[in-house]
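Below is one structure, written out as structure tokens; comments come after it.
Every number here is computed from the coordinates shown, using simple stated rules; none is lab data. Given the structure is predicted, the values throughout are model-derived calculations rather than measurements. Every residue, glycine as well, gets a Cβ built from its backbone with ideal geometry; the counts of neighbours run over all protein chains shown.
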Amino acid sequence: MNFQTSSLLKVTFMLYVLPILFLIIGAIIGQKLSTVLQINTSISSIIMGFQFFFGSVWIIKSRANKMAAKNRYQPKIIKILK
């Protein structure tokens with residue numbers, strides 16, 4: 001089976017890196033909001049981090065359905081061994 005390299009990198013980034021980035025960004029935003037809202041910094045970071053994480057999972061799931069329909073994201077058999 002064969003994938004185009006750019007398609008494989010794009011999917012790999014979406015699955016592995018994007019949720020981690022969203023988690024970190026959410027935690028940073030939660031930390032900044034805690035000073036404005038006068039609440040515990042750790043709790044605010046945890047809540048916002050997980051909200052962003054689950055938001056990224058939702059984005060990935062919606063994009064995956066669209067990407068699965070495209071031909072370039074489907075594996076292709078390039079050689080059959082006998």
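Taking the condition of being surrounded by 15 or more Cβ atoms within 10 Å (Cβ to Cβ) and either of a type in the set (Ser, Thr, Tyr) or closer than 17 Å to MET14 by Cα (or both), how many residues in the stretch 27-43 meet it? First the steps, then the outcome.
As a first pass, look at the stretch 27-43 and keep what is surrounded by 15 or more Cβ atoms within 10 Å (Cβ to Cβ): 27, 29-31, 33-34.
Cutting the leftovers down to either of a type in the set (Ser, Thr, Tyr) or closer than 17 Å to MET14 by Cα (or both) gives us 34.
Qualifying residue count, the stretch 27-43: 1.
Starting from the stretch 44-71, keep only residues that are under 18 Å from THR12 (Cα atoms), then list their pairs with residues that are in a helix (DSSP H, G or I) and of a type in the set (Phe, Trp, Tyr) whose Cβ atoms are within a distance under 8 Å, requiring at least 6 positions of separation or different chains.
Hits for this filter: PHE53/PHE22; GLY55/PHE22; SER56/PHE22; MET67/TYR73.
Across the stretch 1-58, what is the total count of residues that are of a type in the set (Ser, Thr, Tyr) and closer than 30 Å to ILE77 by Cβ?
Residues of the stretch 1-58 that are of a type in the set (Ser, Thr, Tyr), as a first pass: 5-7, 12, 16, 34-35, 41-42, 44-45, 56.
In the following step, the residues that additionally are closer than 30 Å to ILE77 by Cβ were identified as 5-7, 12, 16.
So the count comes out to 5.
Determine the pairs where a residue that is at negative phi, located within the stretch 13-24, has a partner that is among the β-branched types (Val, Ile, Thr) and surrounded by 11 or more Cβ atoms within 10 Å (Cβ to Cβ) with Cβ atoms under 8 Å apart, the partner being 6 or more residues away or on another chain.
Listed by first residue and then by second, the contacts come to MET14/ILE60; LEU15/ILE60; LEU18/ILE59; LEU18/ILE60; PRO19/VAL57; PRO19/ILE60.
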